[in-house]
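Structure, as structure tokens:
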Amino acid sequence: MKHDIASIEHLSDLSSFEEIVDVRSPAEFAEDHVPGSRNCPVLDDRQRCEVGTLYKQVSAFAARKVGAAYVAENIAQHLRQHFAERPRDWRPLVLCWRGGQRSASLTHVLRQVGWDAQQLAGGYRTYRRLVVAALNELPLGLRLKVVCGPTGSGKSRVLQAIGHLGEQVLDLEEIACHKGSVLGSLPDSPQPAQKMFESRLLVALQRFDRERPVYVEAESRKIGTLHLPAALIETMRAGCCINIDAAFAARVDYLLRDYAYFLRAPEWLNERLSSLRHLRSAETIARWREQVRDGDWRALVGELLEQHYDPLYFRSQNRNYVGFAAPQNFPTDDLSPSAIDALARQICARST
């Protein structure tokens, strides 16, 4: 192997470098990247498109002439803006899509300066292969305690409160930027790409002490548009279930607080209700739209729970979660913030 090429077999090998420099375009970097890496593109999105078009429509030589000029200009800019203060013993790992010319260009210049820069063999694709392999194995050994309860039971808030008490928590909905239900989209918070979600998920999984339990909320195979790894779903469905048995009125009150942004954006709520049209009759959707128009929020939430969410939830839990047949049960008629904190303490006291 060349002395400027780094071959990694485990994700932990990445920690031997002081910094990971990703030279792919901003759009490629936004889709997924090594957590903590710095994006220093040698071709930006427009330049990459231009060079790619020249390669396909003119010739590889024409593309390389234009691309080389862009790469030289961008590397010079990165040297001035990002690397000027790096010490003599700085040792970065440089990667592009597949360990090709883009990362080789920056690695060559950094080594000419005098830094021990290394180019990642296989580039991002090597990293991605290791992520997929780790997600197939890492969840299988976790001791998961699955927090269950129908929509509006405050599961996410209870999970967060459990985390504040010092327990290990895997907050999948936070990582996915979604509340998990059909109406779970968050305003101004788009979901990450699938690959980015998996990178962030892996970081969370790697932090856990495998000798201690991990609390996680019951989820389906998808959170919004994102798919959970099969190994994680398998482990969750075999875990011990903790059921929050909240009174119906408390659940309605909780949802009116937790989804308050819908009340401020009725047009957006109506758009989300349209996604239920293949599950509910046109008359039902029309009635829910009228309730939105009239601001009859309590009636709307109650009907959504009774007619849509609850039937789906109980069918899913009984079918998919082994522990749901005999869960630890925690009844409550109050889901206020203080009551949720108290509920989290009860759960920790009884289930650790």
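The values are calculated or read from the model by the stated rules, or taken from the named source; none is laboratory data. This structure is a prediction, so every number in the text was calculated from the model and none was measured. Virtual Cβ from ideal backbone geometry, glycine too; neighbours counted across all protein chains shown. Side chains are part of the model used for accessible areas, which takes the heavy atoms of the whole protein and leaves out ligands, DNA and RNA. Shrake-Rupley method; radii C 1.70, N 1.55, O 1.52, S 1.80 Å.
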Exercise. Please work out if residue 192 is open to solvent by 30 Å² or more (accessible area, probe 1.4 Å), under 28 Å from residue 271 (Cβ atoms) and under 18 Å from the mean Cα position of the chain (by Cα).
Key: no
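Condition check ((1) closer than 28 Å to residue 348 by Cβ; (2) touching a Gly at 6+ places or on another chain (Cβ under 8 Å)) across all residues:
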residue: 174; (1), (2): yes, no
residue: 184; (1), (2): yes, yes
residue: 206; (1), (2): yes, no
residue: 209; (1), (2): yes, no
residue: 219; (1), (2): yes, yes
residue: 224; (1), (2): no, yes
Scanning the stretch 336-348 for residues that are in a helix (DSSP H, G or I), polar (S, T, N, Q) and within 18 Å of residue 252 (Cα to Cα) gives 338
Of the candidates 238, 230, 250, 265, the one satisfying the condition of being touching a residue at least 60 places away in the same chain (Cβ under 8 Å), crowded, with 16+ Cβ neighbours inside 10 Å and hydrophobic (A, V, I, L, M, F, W, C) is 250
Here, helices (runs of 4 or more DSSP H) confined to the stretch 274-335 with at least 2 residues that are in contact (Cβ under 8 Å) with a residue 60 or more places away in the chain and in contact with a Pro (Cβ under 9 Å, 6 or more places away or on another chain) are 310-320
One residue is enough: does the stretch 57-76 have a residue meeting the conditions touching a Lys or Arg at 6+ places or on another chain (Cβ under 6 Å), surrounded by 15 or more Cβ atoms within 10 Å (Cβ to Cβ), modelled with pLDDT of 95 or more and not polar (S, T, N, Q)?
no
Residues in the stretch 236-247: is at least one modelled with pLDDT of 95 or more, over 18 Å from the mean Cα position of the chain (by Cα) and small (Gly, Ala, Ser)?
yes
Looking at the structure I just gave you, is residue 125 over 20 Å from the mean Cα position of the chain (by Cα) and modelled with pLDDT of 95 or more? no
Q | Test: residue in the stretch 9-18 that is in contact (Cβ under 8 Å) with a residue 12 or more places away in the chain, at negative phi, open to solvent by less than 50 Å² (accessible area, probe 1.4 Å) and not hydrophobic (A, V, I, L, M, F, W, C) | A | no
Looking across the stretch 249-273 at residues that are assigned to a helix (DSSP H, G or I) and aromatic (Phe, Trp, Tyr), the single one that is nearest to residue 334 (Cα to Cα) is 254
Assess whether residue 185 counts as being closer than 28 Å to residue 276 by Cβ, open to solvent by 20 Å² or more (accessible area, probe 1.4 Å) and in contact (Cβ under 8 Å) with a residue 60 or more places away in the chain. yes
Assess whether residue 205 counts as being open to solvent by less than 10 Å² (accessible area, probe 1.4 Å) and under 20 Å from residue 130 (Cα atoms). yes
Of the residues in the stretch 30-51, those that are out of contact with any Ser or Thr (no Cβ under 8 Å at 6 or more places or on another chain) and open to solvent by 30 Å² or more (accessible area, probe 1.4 Å) come to 30, 31, 36, 38, 39, 46, 49, 50
Is one or more of the residues making up the stretch 197-218 assigned to a loop (DSSP other than H, G, I, E, B) and under 12 Å from residue 176 (Cα atoms)?
no
Taking the stretch 279-292 and keeping residues open to solvent by 70 Å² or more (accessible area, probe 1.4 Å) and either at positive phi or modelled with pLDDT of 90 or more (or both) leaves 283, 287, 289, 290
